[in-house]
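Written out below as structure tokens is the structure these notes cover.
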Amino acid sequence: MALLEVTEVSKEFGGLTANQDISFCLDQGEVLGLIGPNGAGKTTLFNCIAGHFPVTRGKIVFDGRDITPLKAFDVARLGLARTFQIFQASGDLKVAENVMVGAFMRTGSRRQARGRAEAWLDFLEIAETGQYMLSELPVARQKRVALATALATEPKLLLLDEVAAGLIRAEIEGMVTLLRRIHQEKGIALLLTEHVLEMVMALSHRVIVLESGRKIAEGEPQAVVKDPEVIRAYLGDHFVKRAGEASHA
Amino acid sequence: MEAVRNAFDFSDFPRLDLWVAGGVLAFLLVFPALPHSSFAMTIMIQFLMFSLYGMGWNTIGGYAGQVDLGKAQYNGIGAYTTAVMMVRWDVPFWVSMPVGMALAVGWSFIIGYPLFRLKGHYFAIATIATSLILKDVFEVWDFVGAAKGMEIPIRKNLPDFLYLQFKQDYYYYYILLALFLVGLLYLNAFRHSRLGFQLRAIKDNEDVARSLGIDAHWCKIKAYAVATAFVAVVGSFHACYNFNIEPEDVMSLDLSILIAMMALLGGAGSLWGPIIGAAILVPLKSYLGDWLGASAGLVGLNLVIYGGIIMLIAAVQPRGVWGMVEAALARRRGDHGAA
Amino acid sequence: METLLPELLRSLVSGLLMGMVFALVALGLTVIFGVMDIVNFAHGEFLMIGMYTTLVTAPFLGVDPTLTLPLAGVVGAALGLACYFGVVQFLLRGPMVAQLLGTFGLMLVLRNVALLFMGSEPRSVHKGWLVGQSWLVGPGVVLESTKLAAAVLSIVSFVAVWWLIRRTKTGMALTATSLDKEGARYVGISTERMNGLSWAIGGASVAIAGGLLVNFWPVDPNVGLLFTMIAFATVALGGFGSIRGAFLAGILIGLIVSLPTVWDAFIRFAGLGDFSIHSFKYTFVYIIYFLIMVIRPQGLFGWKQ
Ligand SMILES: Nc1ncnc2c1ncn2[C@@H]1O[C@H](COP(=O)(O)OP(=O)(O)O)[C@@H](O)[C@H]1O
Ligand SMILES: [Mg+2]
């Protein structure tokens, strides 16, 4: 049975249609990539799924429950966690305390929350950062803290919005390994967006492509990137011809 | 059980803090035994009262970051509940105080539900409006004495612990000190509690907080209720301590802002902040008022200076005195690290 | 009916006129708010200083109070500039709390400086062209020249500010700053200067309102708070930053404040006892602010400029 079922979801801001009739499924334990150029509507779709925006039309079912009308915090409690593309490192919570906030979703006890937070920091190989302020850490570490905080809510599905943005190549590889472990060792399904393709390609079982708010392709990663529509969306018409010529030759 | 353990868990503070806190506590305990003027005693009582106000405010204003400028209305509810129950039905303080607290908290839920749909400035101004509305009602409500207020009659046999009437101020002082210590321990537990963490996450970023399963609206209402309970208790005490209460005195905007000022000046969102703020502001206001107003005939100059200090702090270090101390300590640590 | 109709008319007229004064008080606040997102707690104190300026300088210079209005405007503008460059610009760097605290400190300073120099006694203007003049314009309806002049000058000020913002180059720069700070800076507008300008305009208009108000409203150092709250309510009602909205909302609030008089007359007329809601008239202002903010945060008219 599908873990997440998105049916003809549309989201309009005033006159602007950021998502238009998007449908897809995500199975238990699957890694699904959501790609598309900047402004395609990926973040908006995440916000709709996670309950931060009400959808204009459509239906979202998570784990057998219709979550379309639910608020973000209720969605989170059902086991759907997310990270944010724009992640401000401010405030007066230390790293470990940040992760504890996530853990507090499932327990009222500080002792337990702290224990779980430490375990997650350990799992993400940043155990030594616990007593720092978030703003004192480099970006790659901050992203891991955000990941740890989301994971501490013990989700079934994790939505990752551009976790690789702003990272250098070595850090991206580290992140790929980490996400693979999260998926394999913890059995958490992942839905990840990226406008840099390399990470999505490495991890995803299937890929969905958005452009201008619409779904233009879906399938195996290798097949999808050969789709002329996708190439056009990413690189413009010019490259479609070139790619066509290349495959003819 | 864990809450009790949390209340006594100060282990995340540096040792220096704890020594200072211990010293202050010792001083507070023996103060009445030291030679002092009655003016000094009045100031110490005010200091404890405003510490408690500020501690309460700190839950919603400091930890949750919602600048509430309408706390005086709950002070009024507490004070009037106690006064009305004593004057009309001869009910002791220890009964009327919890009743006042319950009424205030009940009212805070009614007000808080719509109030917390607002954010930032809009929220702050709306809190002022709600408090002024209630004050205007009390000013014409005959049952509570309208604008003249209420006066609690003096009892025959003093000291009266049931009705909180004493000849000597140190009785009031110790009762307040007990409330102060209970409040401090409660807040220490609060700070470590799930709600405490969730509020700080909300202050940080509400969207992120929501994605972590936090119902921000409801959490703020709960914190608002906690703050209200503190203020209402002090209000009840104030009624007994002053005998005489009137709306202009117990529900004024100045009081609301002063309550917020304690924590803001001392350092909002830290356990010691409101206490530091009260320790600075209360004597400053009283002594300045005494010297410049009564002695030199310069009525108003004290408040000019007081306003100037507030402006200066706001412009230089919005995290308050505690923020300055922490910044200085961090710099010292940094220097040591480099050396 | 004999008593009710004149009462209604009287309240309507006085509400309309008062409303225009309220609008003028709120004009400065909405201009500042349009340019930068800050709440100025000292707004009513600017008004108070405008009131004192007229009160003190008219006998001192030996001229009619009305003629001191330009002076009040200059004092208000200077005060606005001083406050912006002396305090507010530093507050803008901090969090919102710093702005609330800082302008509250400013309010205390201004209020108590006034107390120091002027004492706490309420004072009013007793002499002048406008004082004491009134016309009977209908059955029992009196038009006081002080209020009429205030209303007319309020309209003039609104037109002037509207013209300044919509029709002059400086005004365009001001609008650009309010719409997009970064962008304005990018095209070479000094946003610091624009912020200062908005405080000057704000200070001048509210001080002029004070100079007009003092002809029929006694001034004391604490007079500001009520008007700060009225101005907040007006600006909230009209939509934050909207000039048109402030004008209409001011009138609406003036009418609302005068309505309890009608209500009381009705109660008396209907013989329902002497229950009076007159002392609640400003309570309604607070209630309106609260309701508007909760139900329609974009303001009653929903204009955002
Ligand atoms: N809160 C919002 N209000 C109005 N428009 C928005 C909002 N969020 C996103 N948009 C618009 O929706 C479109 C899709 O944006 P987004 O979902 O952020 O794209 P992506 O994440 O794929 O880069 C963009 O045109 C953006 O301007
Ligand atoms: Mg995005």
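Read-outs throughout are calculated quantities, based only on the coordinates presented, and are distinct from any laboratory measurement. All values derive from a computational prediction rather than experimental measurement. With ideal geometry, Cβ positions are generated from the backbone for all residues, glycine too; neighbour counts draw on all protein chains shown.
So the values come out like this:
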read-out: Counting DSSP beta bridges with both ends in the protein assembly as shown, the antiparallel % (nearest 5); value: 65 percent
read-out: Under 9 Å, Cβ to Cβ, from A:H205 - net charge with Lys/Arg +1 and Asp/Glu -1; value: -2
read-out: Over region A:115-232: Kirkwood hydrodynamic radius from C-alpha pairwise inverse distances, Å; value: 15.5 Å
read-out: Modelled FRET efficiency - R0 56 Å, A:K186 with B:L312, Cβ distances, 0.05 increments; value: 0.60
read-out: In order through region B:148-153: 3J(HN,Hα) via Karplus (6.51 cos²θ - 1.76 cosθ + 1.60), integer Hz, x for Gly, Pro; value: 6, x, 10, 10, 8, x
read-out: Charge context of A:Q20, other residues only, Cβ under 14 angstrom, K/R +1, D/E -1; value: +1
read-out: CD proxy at 222 nm, helix term only [per DSSP H run n ≥ 4: -39500 (n - 2.57); per residue of chain B; nearest 500]; value: -23500 deg cm²/dmol
read-out: A:D27-B:F31 pseudo-label distance in nm [points 7 Å out on the Cα-to-Cβ vector]; value: 7.1 nm
read-out: Alpha-carbon centroid distance for the pair region B:1-33 / region B:187-244, whole angstrom; value: 21 Å
read-out: Pairs of alpha carbons in region C:10-66 whose separation is greater than 20 Å (percent); value: 46 percent
read-out: Distance between modelled label sites at B:M1 and C:F85, nm, 7 Å Cα→Cβ extension; value: 6.7 nm
read-out: Sorted peptide list for C:152-160, C:49-57, A:29-37, B:214-222, criterion being average Cβ within 10 angstrom, highest first; value: C:49-57, A:29-37, B:214-222, C:152-160
read-out: Average other protein chain Cβ within 10 Å of Cβ, residues B:112-120; value: 3
read-out: FRET efficiency for C:L4 and A:E198, using Cβ-Cβ distance with R0 set to 60 Å, rounded to 0.05; value: 0.15
read-out: Over 24 Å (Cα to Cα) - which of B:K71/B:K119; A:K71/B:K119; B:K71/B:K220; B:K119/C:K169; A:K42/A:K156 fall in this group; value: B:K119/C:K169
read-out: Segments C:206-218, B:15-27, C:71-83 sorted - mean Cβ within 10 Å per residue, highest first; value: C:206-218, C:71-83, B:15-27
read-out: Peptide B:253-262, shielding by other chains (average Cβ, 10 Å cutoff); value: 2
read-out: Per-residue mean of C-beta atoms belonging to partner chains within 10 Å, peptide C:284-293; value: 6
read-out: With Cα atoms, 0 to 90° folded angle of helix C:145-167 axis to chain C main axis; value: 30 degrees
read-out: Alpha carbon Rg of region B:2-338, scaled by the compact-globule rule 2.2 N^0.38 Å; value: 1.00
read-out: Per-residue HN-Hα couplings for region C:213-225 [Karplus 6.51, -1.76, 1.60; θ = phi - 60°; Hz; x = Gly/Pro]; value: 5, 5, 5, 9, 9, x, 10, 9, x, 9, 5, x, 4
read-out: Net charge over other residues, Cβ less than 10 angstrom from the Cβ of B:F123 (K, R count +1; D, E count -1); value: +2
read-out: Max mean-square fluctuation residue, GNM over chain B, Cα-Cα springs under 10 Å, options B:I111, B:I275, B:I309; value: B:I309
read-out: Percent of Cα pairs exceeding the 23 Å cut-off, where the set is chain A; value: 51 percent
read-out: At 1.002 mPa s and 20 °C, Stokes D of chain C from Kirkwood alpha-carbon radius, µm² per second; value: 108 µm²/s
read-out: Residues with amide H under 5 Å from that of B:V91, placed H, sequence gap 5 or more; value: B:M86
read-out: By average C-beta atoms within 10 angstrom, highest first, the peptides B:251-257, A:166-172; value: B:251-257, A:166-172
read-out: Percentage of interatomic Cα-Cα distances in region A:87-154 larger than 19 Å; value: 20 percent
read-out: Approximate spin-label separation B:V182-A:Q85, in nm, with each point projected 7 Å along Cα-to-Cβ; value: 5.3 nm
read-out: In order through region A:181-191: 3J(HN,Hα) via Karplus (6.51 cos²θ - 1.76 cosθ + 1.60), integer Hz, x for Gly, Pro; value: 5, 4, 5, 7, 7, 9, x, 8, 6, 10, 10
read-out: FRET efficiency estimate (nearest 0.05) - Cβ-Cβ, C:R166 to A:D63, R0 60 angstrom; value: 0.60
read-out: Per residue, the convex hull volume that the Cα atoms of region B:244-314 enclose (Å³); value: 103 Å³
read-out: CD proxy at 222 nm, helix term only [per DSSP H run n ≥ 4: -39500 (n - 2.57); per residue of chain A; nearest 500]; value: -11500 deg cm²/dmol
read-out: Backbone N under 16 Å from the C:V294 label point (7 Å along Cα→Cβ), restricted to region B:123-146; value: B:123-135
read-out: Kirkwood hydrodynamic radius (C-alpha pairs) into Stokes-Einstein, the protein assembly as shown, 25 °C and 0.890 mPa s, D in µm²/s; value: 80 µm²/s
